[in-house]
Amino acid sequence: MCGIVGAASGRDIVPVLIEGLRRLEYRGYDSCGVAALGANGLQRVRSVARVEDLATQVRREALHSQTGIAHTRWAT
């Protein structure tokens, strides 16, 4: 089952997007990702593992944005 979370705000929205994906985990998925519009243009982080692994990658890449979208994907 696929899920999408999107948001625009006056503050950093990336933690909210990650939390949205955590809440969708119960539905099952085989990959997840975040795309955000930052100072360097559109940035994306993807994972074929758990949302927690995606969150680690997001922290490592210091992804911050006020506009973004996140998804889980189930390939059928």
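The values are calculated or read from the model by the stated rules, or taken from the named source; none is laboratory data. The structure presented is a predicted model; accordingly, all values stated were derived computationally and were not measured. No Cβ is skipped: glycine too gets one built from the backbone with ideal geometry, and neighbour counts run over all protein chains shown. Note: accessible area is taken over every heavy atom of the protein model, side chains too, but ligands, DNA and RNA are not part of it. Shrake-Rupley method; radii C 1.70, N 1.55, O 1.52, S 1.80 Å.
Each other residue within a Cβ distance under 13 Å of Arg59 adds +1 if Lys or Arg and -1 if Asp or Glu, for a net charge of -3.
Here the accessible area is traced with a 1.4 Å probe on the protein chains. For the chain, carbon and sulfur cover 54 percent of it.
At 222 nm, what helix-only mean residue ellipticity would the chain give, in deg cm²/dmol to the nearest 500, using -39500 (n - 2.57) for each DSSP H run of four or more?
On the way: 2 runs with 21 residues, N = 76.
Helix-only estimate at 222 nm: -8000 deg cm²/dmol.
Loop-resident chymotrypsin sites (Phe, Trp or Tyr not before Pro) (DSSP state other than H, G, I, E or B) in region 15-74 with no more than 12 further Cβ atoms inside 10 Å of their Cβ: Trp74. Once C-alpha pairs closer than 8 Å and six or more residues apart are averaged by separation and normalised to the residue number of the chain, the relative contact order reads 48 percent. Here is the list for the chain: trypsin sites (Lys or Arg not before Pro) lying in DSSP coil, each with at most 14 other C-beta atoms within 10 angstrom of its C-beta, are Arg11, Arg50.
In a Debye calculation with equal point scatterers on the alpha-carbon sites of the chain and no solvent, what is log10 I(q)/I(0) at q = 0.14, 0.16, 0.25 Å⁻¹? Debye output, listed in q order: -0.37, -0.48, -1.13. The label point for Asp30 and the one for Thr56, both projected 7 Å from the Cα toward the Cβ, are 2.2 nm apart. Accessible surface computed residue by residue for the chain, with neighbouring protein chains in place and a 1.4 Å probe, gives 62 Å² per residue. Residue separation of Thr67 and Arg23 scaled by 0.36 nm, minus their Cα-Cα distance, works out to 13.9 nm of gained length.
The long axis of helix 51-60 is offset from the longest Cα principal axis of the chain by roughly 20 degrees.
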